[in-house]
Amino acid sequence: MDVMSGIDCATKLTEQSARRLKSQGVDAVGRYIGPAESWKTITRGEAEAIQRAGCRIFSIWETRPTRRAYFTEEQGKKDAEKATRYAGQIGQPDASPIFFTVDYNAAPDDLGVIRAYFLAIRSRSQKYRIGVYGSFRVIEDLRSKGLADFYYQTYAWSFGRESRHADIYQYQNSRMLAGISVDLDRVRNPSAVWGPAKSAVNPPAVSPAAVVPYPGHLIRRGSRGRDVVRIQNAVGAVPDGIFGPKTEQAVLAYQRRHGLVADGIVGPVTWHVLF
């Protein structure tokens, strides 16, 4: 199965910022659902803009699930009802998942109340399928009990263990991409996201860099010119044509995200992946 590149963020996106993310290789965007006036939640207009940019969406419900006391049967019923309502308001299609979060290092003794919370969600969720976000321990436990349909694992509190049941895997937090603070995700199951399955409608024209062959020499700190501008546009750096420390850091970050040798130098391999 092909793995999609995803991010999740608390930033309200425009079509322009979603296109920038798309140009950086992002296929799916995780956004919070909730009241439109909240600083971090997605609106219907934003959802439509993200889809026009050619990205798919995965929906996250989170209020304050950061301690054991949050997870009660009554809270589960309330969250299921509210999440269903807000997902409908942004145009989320029926039968797609909403990911309810367990956003802390849940101990083994906490799993009983977490199960009760998700059982209550199950009792109230008819329109949408149930997803869970949490650590390896949470994902494995709820999967074994059949209390969710989709699984979104975070590397946090997972101590290097990665569940084979994870439909989405969050592998890094608090990175800058296209000028936005994001967490980085791998989407393994396309059914975990919703929106267009193909590329952007009316996408921007292809950059000349996309058809320019490798210039035949290393481009690194101190380099200048049009090729540096092309690189800066591709990695989200200020396109001033001067390969300085900030461009080097942006190249390093790009190389790490794509499994390349992270040396901050654009040689033939990095150039090929960029363009």
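Hey, among Lys127, Lys145, which residue is open to solvent by 50 Å² or more (accessible area, probe 1.4 Å), touching a residue at least 40 places away in the same chain (Cβ under 8 Å) and touching a helix residue (DSSP H, G or I) at 6+ places or on another chain (Cβ under 9 Å)?
On the way: Lys145 fails: touching a residue at least 40 places away in the same chain (Cβ under 8 Å).
After applying the criteria, what remains is Lys127.
Scanning the range 94-109 for residues that are under 23 Å from Tyr32 (Cβ atoms) and at pLDDT 95 or above turns up Ser96, Pro97, Ile98, Phe99, Phe100, Thr101, Val102, Asp103, Tyr104, Asn105, Ala106.
In the set Gln75, Gln92, only one residue is closer than 28 Å to Pro190 by Cβ and not β-branched (Val, Ile, Thr); that residue is Gln92.
Residues of the range 253-267 that are open to solvent by less than 20 Å² (accessible area, probe 1.4 Å) and of a type outside the set (S, T, N, Q): Ala253, Tyr254, Gly264, Val266, Gly267.
The conditions of being at pLDDT 90 or above and surrounded by fewer than 13 Cβ atoms within 10 Å (Cβ to Cβ) are not met by Gly216. Restricting attention to the range 40-52, the residues being more than 15 Å from the chain's Cα centre (by Cα) and either in contact (Cβ under 8 Å) with a residue 12 or more places away in the chain or under 20 Å from Gln170 (Cβ atoms) (or both) number 6. Scanning the range 145-162 for residues being within 19 Å of Ile98 (Cα to Cα) and either part of a loop (DSSP other than H, G, I, E, B) or not aromatic (Phe, Trp, Tyr) (or both) gives a total of 7. No other residue among Tyr70, Tyr32 is of a type outside the set (S, T, N, Q) and out of contact with any strand residue (DSSP E or B) (no Cβ under 8 Å at 6 or more places or on another chain) apart from Tyr70.
The values are calculated or read from the model by the stated rules, or taken from the named source; none is laboratory data. Remember, it's a predicted structure, so these values are computed and weren't measured experimentally. Because the Cβ atoms are built from the backbone with ideal geometry, glycine has one as well, and the counts that use them run over all protein chains shown. Note: accessible area is taken over every heavy atom of the protein model, side chains too, but ligands, DNA and RNA are not part of it. Shrake-Rupley method; radii C 1.70, N 1.55, O 1.52, S 1.80 Å.
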